[in-house]
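Enquirer: I'd like to ask you about the structure that follows.
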Amino acid sequence: MATADKEVDVLVVGAGLGGLSTTMFLARLGVPVLMAEKHPTTSIHPRAIGQNPRTMELLRLGGIAEQVQDATDHRGAKGHFTTRVAETVRGEVLGTFEEGFDNLVATTAPCSPMAWALAWQDQLEPLMLDRARRDGAQIRFAAALVSYEQDADGVSALLRDRESGAETTVRARYLVAADGDRSPIREGLGIARRGHGSLSHVVGMIFEADLSGVLTSDASGLYYLRNPAFSGIFIGSDRPERHTFLVEYDPERGESAEDFTPDRCLELIRTGLDAPDLEPKVLDVQRWEMAARIAERWRAGRVFLVGDSAKVVPPTGGLGGNTAIGDGYDLAWKLSAVLTGQAGPGLLDSYEPERGLVARLVMDESMALYASRLAPHLQDRMAEPVGYAEVILGFRYRSDAVLIDDDDPARVESPARPTGRPGFRMPHVWVLRAGERISTVDLFGSGWLLMTGADGAGWTGWARSASRELGVPVEVHGPATGLEDPDGELAERFGIGTGGASLVRPDGIVAWRTATRPDDPAAALRDALTRVLSR
């Protein structure tokens with residue numbers, strides 16, 4: 001291509017949760033980033049709801065956690081989020097999962113300082129977009145990726161304005177494919193996907209109607225409908241007038257999206273809501289495929305897949321959107337480290353094995369929930385899930401960016417009983433800093449973190465020596481730096497004894513630890529950083 005009209009470090013294609021999170025976190029880290037989205041706005045559909053504590057830890061680093069909590073559907077905020085299986089919204093209830101969500105909230109509460117939020121996707125995306133813009137990201141809506149070429153030094157891309165037809169060439173060091181389940185970028189790279197495949201075909205109807213006489217005042221959440229006439233989902237909304245109704249259809253039985261005429265949509269909505277006289281105003285009808293697939297590769301040279309382009313799972317359990325945000329954060333901090341010279345390019349090789357492991361856990365959990373709620377005939381074919389809390393807070397990364405010091409093959413541990421071992425998320429321990437009660441989890445995010453034990457006074461100097469030599473800032477926290485441990489849990493939870501230390505990555509994952517003071521602490525820390533940063 002000719003000389004580019006724009007030059008950035010990272011070009012992100014797609015403005016879903018994966019693309020917006022990657023853009024927001026990159027901008028927060030000061031990385032020049034351009035996001036291009038072919039649609040004119042962020043999603044107008046409620047779609048996913050719910051942000052788990054791990055996601056909220058990351059959104060805190062993005063600077064929007066408080067706004068997300070403010071946007072929460074407060075009818076479900078205290079754990080009373082309605083998830084029911086029924087014939088109709090007002091008909092016979094075949095199963096309820098309210099108790100399960102209450103228990104999940106109670107189970108995760110001791111594991112993180114961040115609470116669950118229940119914002120809808122169409123509320124969350126504008127918050128992420130605004131934050132990204134305020135932090136310097138360049139944003140282009142109605143801009144389609146026409147073509148791109150990558151070489152040893154970067155990617156040259158051609159964008160076309162879908163309204164004016166004007167074309168812009170962009171030169172970027174890296175390209176992030178956040179262009180959805182059908183990802184043209186992934187398809188163009190020839191990257192195959194594996195998994196359960198297509199589960200069902202769905203038509204989604206966004207409609208407006210006064211449901212005050214249909215829904216109870218505290219109704220909020222999801223209704224999985226097993227009706228003799230159809231299978232589908234009704235998504236309640238905190239907006240009193242706007243709702244979503246999803247219905248499955250089967251092409252193998254000769255059914256198609258074209259069968260859903262305005263009259264048929266009206267009939268289905270009335271049947272699903274058990275409201276024969278309802279006069280809904282249908283705003284939009286979309287078709288999509290419910291599937292479970294994971295890309296065989298998450299990277300091709302300087303191109304990375306995030307969100308649904310890398311993996312797609314059924315919406316049961318609300319894990320897909322949360323995982324997309326986790327993808328975005330993981331890739332953003334690693335790209336930033338490489339672009340600033342703190343890490344070698346090899347750090348980016350850790351993206352696929354780490355996030356791929358989480359994707360497989362999420363697929364197993366989502367599929368088990370899908371079978372129990374919408375497809376009971378599949379239950380005997382599902383892999384045994386490891387547990388919801390373990391998936392979101394107890395996963396263990398395995399890559400060259402963590403220095404695992406044991407031979408335990410387990411993919412997860414109970415987040416209620418954290419071991420502090422490398423690869424796992426850092427333990428949540430309540431401590432005091434300058435008299436203020438905070439969590440150890442509140443400390444991660446600004447860079448590399450070193451947690452030390454009671455006899456850790458020397459680690460500040462040793463960390464300063466290693467930081468100076470490598471050009472990688474490391475913050476040291478522990479009793480010797482004024483961090484008070486009133487319950488005496490810090491050293492035990494982190495597994496560092498009185499003289500050891502735990503090195504925590506910018507994503508809150510333990511990268512390395514030593515239970516005792518090494519003979520040469522500065523050299524040991526320097527070696528650990530050198531290895532995990534692929535220097």
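The values are calculated or read from the model by the stated rules, or taken from the named source; none is laboratory data. From a predicted model like this one, the values you see are computed outputs, not experimental measurements. Reconstructed Cβ throughout: ideal geometry from the backbone, glycine too, with neighbour counts over all protein chains shown.
Enquirer: State all residues of the stretch 364-384 that are surrounded by 19 or more Cβ atoms within 10 Å (Cβ to Cβ) and either touching a residue at least 40 places away in the same chain (Cβ under 8 Å) or not in a helix (DSSP H, G or I) (or both); if no residue qualifies, say none.
Expert: Within the stretch 364-384, 365, 366, 367, 369, 370, 373, 374, 375 meet the criteria.
Enquirer: Filter the stretch 117-126 down to residues that are at pLDDT 95 or above and buried (at least 22 other Cβ atoms within 10 Å of the Cβ) and give me whichever is farthest from residue 50 (Cα to Cα). Reasoning before the result, please.
Expert: Just the residues of the stretch 117-126 that are at pLDDT 95 or above, to begin with: 124-126.
Retained after the next criterion (residues that are buried (at least 22 other Cβ atoms within 10 Å of the Cβ)): 124-125.
Working: 124: 10, 125: 13 Å.
Out of the qualifying residues, it is 125.
Enquirer: If you check 139, 185, which single one turns out to be part of a strand (DSSP E or B), of a type outside the set (Phe, Trp, Tyr) and either over 19 Å from the mean Cα position of the chain (by Cα) or loosely packed, with under 15 Cβ neighbours inside 10 Å (or both)?
Expert: Details: 185 fails: part of a strand (DSSP E or B).
Being part of a strand (DSSP E or B), of a type outside the set (Phe, Trp, Tyr) and either over 19 Å from the mean Cα position of the chain (by Cα) or loosely packed, with under 15 Cβ neighbours inside 10 Å (or both) holds for just one of 139, 185, which is 139.
Enquirer: Between 273, 339, 335, 361, which is buried (at least 20 other Cβ atoms within 10 Å of the Cβ), within 24 Å of residue 149 (Cβ to Cβ) and touching a strand residue (DSSP E or B) at 6+ places or on another chain (Cβ under 8 Å)?
Expert: Working: 273 fails: within 24 Å of residue 149 (Cβ to Cβ); 339 fails: buried (at least 20 other Cβ atoms within 10 Å of the Cβ); 361 fails: within 24 Å of residue 149 (Cβ to Cβ).
Going through 273, 339, 335, 361 in turn, just one is buried (at least 20 other Cβ atoms within 10 Å of the Cβ), within 24 Å of residue 149 (Cβ to Cβ) and touching a strand residue (DSSP E or B) at 6+ places or on another chain (Cβ under 8 Å): 335.
Enquirer: Which of the residues spanning the stretch 145-178 are assigned to a loop (DSSP other than H, G, I, E, B) and either without any contact (Cβ under 8 Å) to a residue 60 or more places away in the chain or closer than 22 Å to residue 42 by Cα (or both)?
Expert: Step one: filter the stretch 145-178 for residues assigned to a loop (DSSP other than H, G, I, E, B), giving 151-154, 162-166, 178.
Scanning the stretch 145-178 gives 151, 152, 153, 162, 163, 164, 165, 166, 178.
Enquirer: Moving on to the next point. For the stretch 188-216, name all the residues that are outside any strand (DSSP E or B) and touching an Asp or Glu at 6+ places or on another chain (Cβ under 8 Å).
Expert: Step one: of the stretch 188-216, the residues outside any strand (DSSP E or B) are 188-192, 209-216.
Across the stretch 188-216, the qualifying residues are 191, 192, 209, 210, 214.
Enquirer: Condition (residue is more than 27 Å from residue 199 (Cβ to Cβ), in contact with a helix residue (DSSP H, G or I) (Cβ under 9 Å, 6 or more places away or on another chain) and small (Gly, Ala, Ser)) applied to the stretch 350-368: is it met by at least one residue?
Expert: Yes: the stretch 350-368 contains one or more residues that are more than 27 Å from residue 199 (Cβ to Cβ), in contact with a helix residue (DSSP H, G or I) (Cβ under 9 Å, 6 or more places away or on another chain) and small (Gly, Ala, Ser).
Enquirer: If a residue has to be surrounded by 19 or more Cβ atoms within 10 Å (Cβ to Cβ) and of a type outside the set (Val, Ile, Thr) to count, how many in the stretch 509-521 make the cut?
Expert: Selection size over the stretch 509-521: 5.
Enquirer: Going residue by residue through the stretch 463-483, is there one that turns out to be over 28 Å from residue 28 (Cβ atoms), part of a loop (DSSP other than H, G, I, E, B) and not aliphatic (A, V, I, L, M)?
Expert: The initial filter retains those residues of the stretch 463-483 that are over 28 Å from residue 28 (Cβ atoms), namely 465, 479-480.
Cutting the leftovers down to part of a loop (DSSP other than H, G, I, E, B) gives us none.
No: zero hits.
Enquirer: Please state which of the following conditions residue 373 fails to meet, knowing it meets all the rest: (1) at pLDDT below 95; (2) in contact with a helix residue (DSSP H, G or I) (Cβ under 9 Å, 6 or more places away or on another chain).
Expert: (2)
Enquirer: Here is a follow-up. Look at the stretch 469-508 and say how many of its residues are crowded, with 21+ Cβ neighbours inside 10 Å and hydroxyl-bearing (Ser, Thr, Tyr).
Expert: Counting residues in the stretch 469-508 that are crowded, with 21+ Cβ neighbours inside 10 Å and hydroxyl-bearing (Ser, Thr, Tyr) gives 1.
Enquirer: Could you look through the stretch 225-257, keep only residues that are among the acidic types (Asp, Glu) and out of contact with any strand residue (DSSP E or B) (no Cβ under 6 Å at 6 or more places or on another chain), and pick out the one that is modelled with the lowest pLDDT? Break it down into steps so the answer makes sense when it comes.
Expert: First, the residues of the stretch 225-257 that are among the acidic types (Asp, Glu): 238, 241, 248, 250, 252, 255.
Going one step further and asking which of them are out of contact with any strand residue (DSSP E or B) (no Cβ under 6 Å at 6 or more places or on another chain), we end up with 238, 250, 252.
Details: 238: 63, 250: 90, 252: 89.
The qualifying residue modelled with the lowest pLDDT is 238.
Enquirer: Now for a different question. Identify the residue in the stretch 288-297 that is touching a Ser or Thr at 6+ places or on another chain (Cβ under 9 Å) and either surrounded by fewer than 16 Cβ atoms within 10 Å (Cβ to Cβ) or hydrophobic (A, V, I, L, M, F, W, C) (or both) and, among all such residues, is nearest to residue 256 (Cα to Cα).
Expert: Step one: filter the stretch 288-297 for residues touching a Ser or Thr at 6+ places or on another chain (Cβ under 9 Å), giving 289-293, 295.
With the extra rule that they be either surrounded by fewer than 16 Cβ atoms within 10 Å (Cβ to Cβ) or hydrophobic (A, V, I, L, M, F, W, C) (or both), the set shrinks to 289-292, 295.
Numbers: 289: 12, 290: 15, 291: 17, 292: 21, 295: 27 Å.
Across the stretch 288-297, the extreme among qualifying residues is 289.
Enquirer: If the requirement is being under 21 Å from residue 373 (Cβ atoms), at pLDDT 85 or above and more than 19 Å from the chain's Cα centre (by Cα), which of these qualifies: 107, 82? Give the steps one after another, and end with the answer.
Expert: On the way: 82 fails: at pLDDT 85 or above.
Of 107, 82, the one residue that is under 21 Å from residue 373 (Cβ atoms), at pLDDT 85 or above and more than 19 Å from the chain's Cα centre (by Cα) is 107.
Enquirer: Still on this model: What's the number of the condition residue 396 fails, among (1) farther than 22 Å from residue 446 by Cα; (2) of a type in the set (D, E, K, R); (3) modelled with pLDDT of 95 or more?
Expert: With respect to (1) farther than 22 Å from residue 446 by Cα; (2) of a type in the set (D, E, K, R); (3) modelled with pLDDT of 95 or more, residue 396 is out only on (1).
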